[in-house]
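Here the structure comes first, spelled out in structure tokens, and everything after it is commentary.
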Amino acid sequence: MQVAQKSGIGMDSGMAINGDAAEAVKLDSPYETVRQLAACNAVVVFSMSGCCMCTVAKRLLFGLGVGPVIIELDEHAAGPDIQAVLYELCPDGQKPVPAVFVGGKFLGGVETLMACHINGSLVPLLKDAGALWL
């Protein structure tokens, strides 16, 4: 499921995302921020720096040889607004972080990531997204 352009949560219109992921890209809303990051990178993980499940997701991806773009929401200026967008993407009862996007599409949280890894569908997804070359 891709993030749709929506309105309602305010964010400075002149805000650029920090880091290599989307240098100098001006974004108008947190929805656009999430959409642009997901569209421009093979794998994106929205995380919280103190979250143990976020660490599990990141270690799994790094262990497979993937270099995901990691957005630590508690260290990002628009973190609360982005987290509100992620809440809307998650099914009822699922936590919004970690939120993993592969190939521009919302994969899910750590449960979905681990399930894909166990059933063997994660590596093909990562290859199709251009995150793995093996």
If every Lys and Arg gets +1 and every Asp and Glu gets -1 at its Cβ, then about the Cα centre the stretch 31-134 yields a dipole, in debye to the nearest 20, of 380 debye
Have a look at Val97, Val85, Val66 and report the one farthest towards the positive end of the charge dipole of the stretch 42-103, computed about the Cα centre with Cβ charges (Lys/Arg +1, Asp/Glu -1). Val66
Residue-count net charge about Leu64 - beta-carbon cut-off 12 Å; Lys, Arg +1, Asp, Glu -1: +3
How big is the equivalent ellipsoid of the stretch 37-134 along its three axes, where each semi-axis is √(5λ) from the Cα gyration tensor, reported in whole Å from largest to smallest? 21, 14, 13
Could you please report the charge total around Lys105, scoring K, R as +1 and D, E as -1 over all other residues with beta-carbon less than 15 angstrom from its beta-carbon? +1
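Every read-out reported here was derived from the displayed coordinates using simple, explicitly stated rules and does not represent laboratory data. It should be emphasised that the depicted structure is a prediction, and the values quoted were computed from it without experimental measurement. When we count neighbours, we look across all protein chains shown, and the Cβ atoms used for this are built from the backbone with ideal geometry, even at glycine.
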